[in-house]
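The structure appears right after this line, and notes come after that.
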Amino acid sequence: MTESHDMIVIKDLYKHFDSIKALNGVNLTVKKGKVIVVIGPSGSGKSTMLRCINHLEVPTSGEVWIDGKHLGKKEKELNAIRAEVGMVFQLFNLFPHLTALENVTVAQKVVRGRSKEEAEEIAMKQLIRVGIPEKADAYPTNLSGGQQQRVAIARSLAMNPKIMLFDEPTSALDPEMIKEVLDVMLDLAKEGMTMVVVTHEMGFARSAADEVLFMDEGLIVEHTTPHDLYNNPKEERTKLFLSQILQH
């Protein structure tokens, strides 16, 4: 396979929740090493699309392929493919009774079958990578929101994912903590991690994204570069959205 092979392919993806049509025929290809930022109003289908990529939501119809493998219904195959996809949520979902180090080791032991020693060694490397090795023995209640989110990122990275999904990773953080999380994500982008990021942080989109998707009403309305998004948005709906968020 070439360096630019397709890591994520979405074909005609629909997801309906009763009468709510969250996704209305999404098509997307994400190349290896690319950073895709997804923007759009609340309820536009951004998070649903992310959750369908790793099968947290089962699509109503359509196909999702991860690194050449189809996300089907067979549980064993599904779990193997999902293990290649890391996901970071708005809320950090850390185990409160475990230290930062333990939070980063637990899935490694269960899913990857690593020994305690190997898992802890990898966990420390990832805590160093996200800039908080000194917090290894701290419990979540003794960490700031930004530190908790960095532990959550370290936890995903410790699984050696091929793809990282971020669902508004800074939206629950105080403003002064947002930069520390975005800096970690910028470093990942520079290292060549394939990333799909749902965010309202337009500065991150400008500095890290290879491509930007604007979603509305369950569709990708515009798929462009950060430069063209800011300087030459083509769709009226995109222009309206940008005029609203860039004023703030």
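Values quoted throughout were computed directly from the atomic coordinates according to the rules given, and no laboratory measurement underlies them. Keep in mind that this is a model prediction, so the values were computed, not measured. Please note: Cβ atoms are built from the backbone with ideal geometry, for glycine as well, and neighbour counts cover all protein chains shown.
Computed packing ranks the peptides 222-230, 147-155 as 147-155, 222-230, most packed first, by mean other Cβ atoms within 10 Å. Taking the chain as the reference, fit the longest principal axis to its C-alpha atoms, fit the long axis of helix 100-111 to the helix C-alpha atoms, and give the angle between the two in degrees, 0 to 90, nearest 10. Roughly 80 degrees, rounded to the nearest 10. With contacts taken as Cα pairs under 8 Å and at least 6 residues apart, the range 108-248 reaches a relative contact order of 16 percent.
Antiparallel as a % of all DSSP beta bridges within the chain, to the nearest 5? It would help to have the intermediate numbers written out before the result.
On the way: 21 of 38 bridges.
Given both bridge residues lie in the chain, the antiparallel proportion sits at roughly 55 percent.
Compactness of the range 49-168 was expressed as the Cα radius of gyration divided by 2.2 N^0.38 Å, which yields 1.10. Taking a ≥ b ≥ c as the square roots of the eigenvalues of the alpha-carbon gyration tensor, the range 121-248 is classed prolate because a/c is 1.5 or more and a/b outweighs b/c.
Could you work out the relative contact order of the range 40-161? I mean the mean sequence separation of Cα pairs under 8 Å and 6+ apart, divided by the number of residues, in percent.
Numbers: 125 pairs, mean separation 33.2, N = 122.
Relative contact order, the range 40-161: 27 percent.
Using Cα-Cα distances under 8 Å and only pairs 6 or more residues apart, what relative contact order does the chain have, in percent? Kindly include the intermediate steps, with their values, before the conclusion.
Values: 452 pairs, mean separation 65.0, N = 248.
Relative contact order of the chain: 26 percent.
Straight-line reach from LYS31: taking Cα to Cα under 13 Å and skipping same-chain neighbours fewer than 8 places apart, the aspartates and glutamates in range are GLU3, ASP6, ASP67, ASP210, GLU211.
Given axes a ≥ b ≥ c from the Cα gyration tensor, I'd like to know whether the range 1-93 is rounded (a/c under 1.5), prolate (a/b larger than b/c) or oblate.
Values: a/c = 1.42, a/b = 1.29, b/c = 1.11.
Judged from the Cα gyration tensor, the range 1-93 comes out rounded (a/c under 1.5).
Protection proxy ranking for 36-49, 165-178, using the average of other Cβ atoms within 10 Å per residue and placing the highest first: 36-49, 165-178. For helix 116-129, what angle does its Cα long axis make with the longest principal axis of the chain, in degrees from 0 to 90 and rounded to 10? Tilt relative to the chain: about 50 degrees. Centroid-to-centroid, using Cα positions, the range 101-132 and the range 1-52 are 29 Å apart. Seen against the Cα atoms of the chain and their longest principal axis, helix 145-157 is set at about 90 degrees. One entry in [x] 24.2, 76; [y] 19.7, 59; [z] 18.0, 55 is Rg and Dmax of the Cα atoms in Å calculated from the shown coordinates; its label is [z]. Given +1 at the Cβ of Lys and Arg, -1 at the Cβ of Asp and Glu and no other charges, the dipole of the range 62-116 around its Cα centre is 240 debye to the nearest 20.
Give me the dipole magnitude in Debye, nearest 20, for the range 91-248 about the Cα centre, with unit charges on the beta carbon: positive for Lys and Arg, negative for Asp and Glu. Mind showing how you got there, number by number?
On the way: 16 positive and 24 negative charges, 83 e Å.
The calculation lands at about 400 debye.
When its C-alpha radius of gyration is set against 2.2 N^0.38 Å (N residues), the range 84-151 gives a value of 1.03.
If the Kirkwood radius is taken over C-alpha pairs of the range 151-201, then at 25 °C and 0.890 mPa s the Stokes-Einstein diffusion coefficient equals 215 µm²/s. Computed over the chain, the per-residue total of -39500 (n - 2.57) for DSSP H runs of n ≥ 4 gives a 222 nm mean residue ellipticity of -11500 deg cm²/dmol, rounded to 500. Cross-link pairs exceeding 24 Å between alpha carbons, from the set LYS15/LYS74; LYS162/LYS190; LYS15/LYS239; LYS11/LYS239: LYS15/LYS239; LYS11/LYS239. Working note: Karplus 6.51/-1.76/1.60 with θ = phi - 60° gives the range 37-54 the couplings 9, 10, 10, x, x, 4, x, 8, x, 4, 5, 4, 4, 4, 5, 6, 4, 10 Hz, where Gly and Pro are set to x. Between HIS97 and LYS125, the distance separating the two model label sites (each 7 Å from Cα on the Cα→Cβ line) works out to 3.0 nm.
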